[in-house]
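The values are calculated or read from the model by the stated rules, or taken from the named source; none is laboratory data. Everything numeric in this text was worked out from a predicted model, so none of it was measured. Here Cβ is always computed from backbone atoms with ideal geometry, including for glycine, and neighbour counts include all displayed protein chains. Side chains are part of the model used for accessible areas, which takes the heavy atoms of the whole protein and leaves out ligands, DNA and RNA. Shrake-Rupley method; radii C 1.70, N 1.55, O 1.52, S 1.80 Å.
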Amino acid sequence: MAENRDRSNHVLVWEQAEMATDEGIIPAAKRFGTRHYIVFMLFLGMANAYVMRTNMSVAIVAMVNQTAIEKESEVLDDECPDTDYGEDNHDSGQDGEFIWSTSMQGYILSSFFYGYVITQIPFGLLAKKYGAMRFLGWGMLINSVFAFVVPVAARQGGAGWLIVVRFIQGLGEGPIVPCTHAMLAKWIPPNERSRVGSIVYSGAQFGTVISMPLSGLLADHGFDGGWPSIFYVFGIIGTVWSIAFLLTCHEDPVTHPSIREDEKKYIQQSLWGNASVHIPPIPWTSIAKSLPFYAILLAHLGQNYGYETLMTELPTYMKQVLRFSIKTNGVLSALPYLAMWLFSIVVGWVADWMLTSGRVNHTWTRKISNSIGQYGPAIALIVASYTGCSRALTVAILTIGVGLNGGIYAGFKINHLDITPRYAGVLMAFTNCSANLAGLLAPIAAGNIIEGKPTIAQWRIVFVIAACVYLFTATFYNVFASGARQFWDDPENDEPQKPSIEAPAHSEANGNNGTTLTHRTMNEQTS
């Protein structure tokens, strides 16, 4: 294809008729290829990112001298009878190295989050201009290397230096979501996005399921006093992954040195010019006027608000009202994450089957998947507010609600790639940053509503508010979302100037009203 690079960096589809033949494209679509290895590495990267994010919540229990701290009196509701199981008594005998107040522990736990949030948009913009792969790999390497510094910072510098180190770790993890999205936009054909997106982003739940019990084991039986081994072990794992990712993965199929030619052509043809030497400026004005973008943004905001309520407030409700601490049971703690992980993969495969079967287009596939992912948890929250004193039923509702939430990965979460493959990483940076900030409102709202009176009636208000947020944002998404590539994604850049020979017609699979590849170009890309 090098002989065509003098034509304004365009390679006309009519000059590549062999790409439409069954001999190359069909095997490439079905065979395990380089893109699947990229997906596997991104899945492990997402899992590693969430391990790094959640391991401190387990480690800090062993780090703090619980008996030396005057515990705050906890207000409990007396509507439900007490129970002799599930109580949080196992912590009382732990004598950690540090005497940190509850508020100081909150600062330590939140420091990672602030570093993570402020780098979302900058890395999204940088990834669009300079490529995503190296930002992702080096960012996670920084995150992993600084994990080794956590024990030293805590022991030598105290809480202040620990907060600084965790903040830096958060900065390093900032590229994970926008850069992952940017790479998926370049590697994954439209009809594979649902299952691939579900697999990659379900790494978050997989990482959480692995991190919680393993961190607990290391805290009790690890070396160097127990809790430091959490950061050493996961730091080694993260460092190995980062180096392997930087050495074996590449920005896109065109720059990959060993990808099979038929697979490269299959990806490039499916994306019809997604990878281009000429990268247009970001169309900020058009994006600001785009209802499909706002549909994704609101769905993302509603997701984080509702998810924080499900995962942080329901366990608190169970302890304050039902007198049962789900966090003390490792199996029960992992069940919601495990359910969401497995269900998200199933929904992803079904969504792609719907697309490839030709029965449903991209727009309706995203709306159906997202409806399951957000209406389901909304109903679960409402039901949970009326379960009374039934502990088992509440645990079941928590598991089902979070499990159904996995539908979002084939819904709004991957929708950025449909409407704008060129700027998917940038849009994800904006929506993810805004959504993480919105997630902070859930515990704030709950705290103000139940302060001093954690009754079933007050908690019902918390759950109904979260359910209404889910319902409103999901409905807005269903009305205004689209699976079609938007005009402001600069599709004109894919048009040949003088097409003279018509290529075999192949319908677009991304919902662009039947637009075919006949009059599209395949843009060459260099690194």
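Does the stretch 358-381 hold any residues that are touching a residue at least 24 places away in the same chain (Cβ under 8 Å), of a type in the set (A, V, I, L, M) and open to solvent by less than 60 Å² (accessible area, probe 1.4 Å), and which are they?
Within the stretch 358-381, 378, 380, 381 meet the criteria.
Quick check on the stretch 243-265: of everything there that is touching a Lys or Arg at 6+ places or on another chain (Cβ under 9 Å) and part of a helix (DSSP H, G or I), which residue is least open to solvent (accessible area, probe 1.4 Å)? Please lay out each step first, then the result.
Quick first cut of the stretch 243-265, residues touching a Lys or Arg at 6+ places or on another chain (Cβ under 9 Å) only: 246, 251-254, 256, 259-260, 262-263.
Then drop every residue that is not part of a helix (DSSP H, G or I), which leaves 246, 262-263.
Details: 246: 40, 262: 29, 263: 7 Å².
Looking at the filtered set, the residue picked out is 263.
Mind telling me which of the residues 200, 233 ends up being open to solvent by 30 Å² or more (accessible area, probe 1.4 Å) and part of a helix (DSSP H, G or I)? Please lay out each step first, then the result.
Values: 200 fails: open to solvent by 30 Å² or more (accessible area, probe 1.4 Å).
Of 200, 233, the one residue that is open to solvent by 30 Å² or more (accessible area, probe 1.4 Å) and part of a helix (DSSP H, G or I) is 233.
So which pairs qualify, if the first residue must be in the stretch 454-472 and at positive phi, the second must be open to solvent by less than 60 Å² (accessible area, probe 1.4 Å) and not hydrophobic (A, V, I, L, M, F, W, C), the Cβ gap must be under 9 Å, and the two must be at least 6 apart or on different chains?
Pairs that qualify, where the first residue is at positive phi and the partner is open to solvent by less than 60 Å² (accessible area, probe 1.4 Å) and not hydrophobic (A, V, I, L, M, F, W, C): there are none.
Have a look at 210, 168, 163 and point out the one that is under 19 Å from the mean Cα position of the chain (by Cα) and either surrounded by fewer than 24 Cβ atoms within 10 Å (Cβ to Cβ) or β-branched (Val, Ile, Thr) (or both). Give the derivation first.
Values: 168 fails: under 19 Å from the mean Cα position of the chain (by Cα); 163 fails: under 19 Å from the mean Cα position of the chain (by Cα).
Just one listed residue meets the conditions, 210.
Can you spot a residue in the stretch 335-357 that is without any contact (Cβ under 8 Å) to a residue 24 or more places away in the chain and within 28 Å of residue 216 (Cβ to Cβ)?
Scanning the stretch 335-357, I find no residue that is without any contact (Cβ under 8 Å) to a residue 24 or more places away in the chain and within 28 Å of residue 216 (Cβ to Cβ), so the answer is no.
Listed residues 393, 437, 417; which is open to solvent by 50 Å² or more (accessible area, probe 1.4 Å), assigned to a helix (DSSP H, G or I) and closer than 24 Å to residue 182 by Cβ?
Numbers: 393 fails: closer than 24 Å to residue 182 by Cβ; 417 fails: open to solvent by 50 Å² or more (accessible area, probe 1.4 Å).
Just a single option satisfies the conditions, and that option is 437.
Would you call residue 407 touching a helix residue (DSSP H, G or I) at 6+ places or on another chain (Cβ under 9 Å) and either of a type in the set (S, T, N, Q) or in contact (Cβ under 8 Å) with a residue 40 or more places away in the chain (or both)?
Values: touching a helix residue (DSSP H, G or I) at 6+ places or on another chain (Cβ under 9 Å): yes; either of a type in the set (S, T, N, Q) or in contact (Cβ under 8 Å) with a residue 40 or more places away in the chain (or both): yes.
Taking the combined requirement at face value, the residue satisfies it.
How many residues are farther than 18 Å from residue 196 by Cβ and open to solvent by 10 Å² or more (accessible area, probe 1.4 Å) if we restrict to the stretch 396-414? Break it down stepwise before answering.
So the first thing to find is which residues in the stretch 396-414 are farther than 18 Å from residue 196 by Cβ, and the list is 396-405.
Remaining after also requiring open to solvent by 10 Å² or more (accessible area, probe 1.4 Å): 396-397, 399-400, 404.
Residues meeting the conditions: 5.
Being surrounded by fewer than 23 Cβ atoms within 10 Å (Cβ to Cβ), at pLDDT 80 or above, on the phi < 0 side of the Ramachandran plot and among the charged types (D, E, K, R) narrows it down to one of 319, 289, 327, so name that one.
On the way: 319 fails: at pLDDT 80 or above; 327 fails: at pLDDT 80 or above.
Unique residue meeting the criteria: 289.
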